[in-house]
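*Asks:* Just passing along the structure, written as structure tokens.
What follows draws every value from the coordinates through simple rules; no lab data is involved. These figures come from a predicted structure and were not determined experimentally. No Cβ is skipped: glycine too gets one built from the backbone with ideal geometry, and neighbour counts run over all protein chains shown.
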Amino acid sequence: MLGGMTGDGPTRQLPPPSPSPAADRAARFNAANMARSLLPLVAIILLVVGWNAFRQDGVDPVQTVDPSSTVQLASSRASYPLVVPTGLPKGYRPTSAHTDAGRAREGDPVTLQIGYVTPSTRYAGFVESDDPRADALTAVLNGAHKRGSVDVGGTSWTRATTRRGETALWTRSGSVTVLVSGSAAEAELAAVAGSVRPYSG
């Protein structure tokens, strides 16, 4: 018989097996380590959000325009006395002004458009034209459902609901149509209509 250990003798103690790399990574991936790894990302996100808020704080998104040069051009080419909203209450801000007078020849119809943001931040559009087929008029009045008339500043204006469900007010003098419409409430549209005065330059 070979010498050494027998079945009844002491056994050799084997070292515990080394943990696998996957098990080692799992042991280190606890909640505390996860939180520490996410901290830089959270800090970056907070900085970006804070910077954007700082840049936008107190900045009015409404871009206003001065319609005076557009109105002057329309008046110089139109064959009718121009009228325009004048002295509107605080909170009405012009945001667009357009006219086709720049390409109009003598005797051609002229259309003037001015868009406003109202005190309730809705839209009110003013249109004046001696062309009954002007897109600015037909886009609103075609298919509009009349709802009687309303007196605004001593002038009778036809009231209607457009195909878009918005209110439209318009009045005619000879071949000239003056229209006020938009998403604003009727009271705000009536304020624009009531401010219409002859343009004096």
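*Asks:* If you take every residue apart from residue 145 with its C-beta less than 12 Å away from the C-beta of residue 145, what net charge results, scoring Lys and Arg +1 and Asp and Glu -1?
*Replies:* Local charge sum for residue 145: +4.
*Asks:* Relative contact order for the range 68-198 using alpha-carbon pairs under 8 Å, separation at least 6, rounded to a whole percent? Present the calculation step by step, with values, prior to reporting the outcome.
*Replies:* Values: 274 pairs, mean separation 31.6, N = 131.
Relative contact order for the range 68-198 comes out at 24 percent.
*Asks:* Using amide H atoms built in the peptide plane, which far-off residues or other-chain residues are under 5 Å from residue 183 H to H?
*Replies:* Here the answer is 123, since their amide H atoms fall under 5 Å of that of residue 183.
*Asks:* Another question, then. What are the ³J(HN,Hα) values, in whole Hz, obtained from phi via the Karplus relation 6.51 cos²θ - 1.76 cosθ + 1.60 with θ = phi - 60°, for each residue of the range 169-176 in sequence order, with x given for Gly and Pro?
*Replies:* 10, 8, 9, 10, 9, x, 8, 9
*Asks:* Also, quick follow-up: Residues with amide H under 5 Å of residue 100's amide H, sequence separation 5 or more or different chain, H placed in the peptide plane at 1.01 Å from N; which?
*Replies:* Hits under the 5 Å cutoff: 111.
*Asks:* Got a sec? How would 196, 180, 150 order by Cβ neighbour count within 10 Å, fewest to most?
*Replies:* 150, 196, 180
*Asks:* Starting from the amide H of residue 95, placed 1.01 Å from N in the peptide plane, find each other amide H under 5 Å away whose residue is 5 or more places distant or on another chain.
*Replies:* 65, 115, 116, 117
*Asks:* For the range 68-198, what is the Kirkwood hydrodynamic radius in Å, using each pair of distinct C-alpha atoms?
*Replies:* When all Cα pairs of the range 68-198 are included, the Kirkwood radius is 14.7 Å.
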